[in-house]
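Quick notes on the structure that follows.
Bear in mind these aren't lab numbers, they're just calculated from the coordinates by the rules spelled out. None of the values given here were measured: they were computed from a predicted structure. Positions of Cβ are generated from backbone atoms using ideal geometry, with glycine treated the same way; all protein chains shown enter the neighbour counts.
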Amino acid sequence: MRGKWIAGLLLLLVAGSAPATQAQSKGSVAEKLGFGRDAKLLIVHADDVGMTHAVNAATIKALEGGGVNSASIMVACPWFPEIAEYAKANPEVDFGLHLTLTSERVYYRWGPVAPRDKVASLVDENGYFWQDWTPKTRIEPKEVELELRAQIERAYAMGIRPTHLDSHQYRLYDNGKELFEVLLQIAHEKKLPFFVARDWFEEHPYLESSLSADDIVIDHTVTIDPSVRPERWADFYRTAIKNLQPGVTEFVIHVAFADEEMTAATRERGTWGAAWRQRDFDFFTSAEFRQLLAQEKIQLVNWRELARAR
């Protein structure tokens, strides 16, 4: 799904409002929230909280400054306890859980919350999550369910009350109906909304066909692509904001301070690395971003509010 995010932005620029899905047949999410059909609603969502201290510190600053208004936490990562303490002390913050099944960096790794021998298909020979899934990687849905439940239960045990669920690297959306239905089952059981967007339905039809009429479906999602050069970073976001369509859009961003810790943790490649995340932080905490929202009459909403639209 990573490769289609620019396509998602192009859809946002040219398509306008898409027809209602089955899951939204009783009125749009915007209307259920009390906005008009033409309202432009935006979630600015920071992923990967808990990955490092630099990610936690930057996310907290961005949330408290108001430019970022939602985020999701990686329970399996080493710096989870720090952000869990913050989330417990600040229950009004819109924190979801970034359900994690891969450990993509080379020198900075993490593994399952469930006992490793119970989720053997999810881990490599060293006990870490796989860096990537290939066609030869056999992932057992029952073990995915066990691990996701372990992550969610640890979050609750440490005082987090999540507002939503989503999936690190979109593994639960991109890898077949069985894994998506694991997410659906758990989300319905926990009565939590989960991140899913109309933009994804053409590539993965099983997403739409698996949803119920009560599931929240947002309209569009945008994140920056590795092909965007650093000097064009702000231009990408300006274009996306100025061309935002009616409905609910989520900007999926990744913030961190490009300090020694973050640089070391991501040093093997620049994609989603320290400098990338510093650029995201700089734009979404800028006065320009807030001015663009006002200029384009865009209203920020979060997942706690969306949950009321069910």
(message) If you average 1/r across every pair of different Cα atoms in segment 65-111 and take the reciprocal, what Kirkwood value do you get, in Å?
(response) 12.0 Å
(request) With viscosity set to 1.306 mPa s and temperature to 10 °C, compute the Stokes-Einstein D of segment 87-170, Rh being the Kirkwood radius across alpha carbon pairs; µm²/s, no decimals. (result) 116 µm²/s
(request) For segment 29-126, just the Cα atoms, rotate onto the principal axes and tell me the three extents in Å, largest first. (result) 53, 27, 24
(request) Using label points projected 7 Å from each Cα along Cα→Cβ, tell me how many nm separate residue 286 and residue 269, to one decimal. (result) 2.7 nm
(request) Normalising by the residue count of the chain, find the relative contact order in percent from Cα pairs under 8 Å and 6+ residues apart. (result) 30 percent
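For the chain, what does the helix formula give at 222 nm: sum of -39500 (n - 2.57) over DSSP H segments with n ≥ 4, over the residue count, nearest 500 deg cm²/dmol? Intermediate values should be presented prior to the final figure.
Numbers: 13 runs with 119 residues, N = 310.
After summing the helix terms and dividing by the residues of the chain, the value is -11000 deg cm²/dmol.
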(message) With only alpha-carbon pairs counted, each pair once and no self-pairs, how large is the Kirkwood hydrodynamic radius of segment 167-214 in angstroms?
(response) 10.9 Å
(request) Excluding residues on the same chain fewer than 8 positions from residue 136, give the lysines whose Cα lies under 24 Å from its Cα. (result) 4, 118, 177
(request) Please compute the Cα-Cα pair-distance distribution of segment 88-133 with 5 Å bins starting at 0, giving whole percents from short to long. (result) 5, 20, 26, 15, 10, 11, 10, 3, 0
(message) Using only the alpha-carbon atoms, what does segment 158-302 span along each of its principal axes? Please give whole angstrom values in decreasing order.
(response) 42, 39, 35
(message) Out of all DSSP beta bridges in the chain, what portion is antiparallel? Express it as a percent rounded to 5.
(response) 5 percent
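Let me check I have the definition right: for segment 215-300, take the eigenvalues of the Cα gyration tensor, multiply each by 5, take square roots. What are those semi-axes in whole Å, largest first? Write out the running numbers ahead of the final one.
Numbers: eigenvalues 131, 44, 27 Å².
Each semi-axis is the square root of five times an eigenvalue, giving 26, 15, 12 Å.
Under the 0.36 nm per residue contour assumption, what length would be gained going from the current alpha-carbon distance of residue 125 and residue 32 to full extension? Could the numbers behind the result be given before it?
On the way: separation 93, 0.36 × 93 = 33.48 nm, distance 4.86 nm.
Net length gain for the segment: 28.6 nm.
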(message) Taking every alpha carbon pair in the chain, what does the distance histogram look like in 20 angstrom bins from 0, in percent?
(response) 34, 62, 4
(request) Compute the separation of the alpha-carbon centres of segment 172-244 and segment 130-148 and state it in Å as a whole number. (result) 20 Å
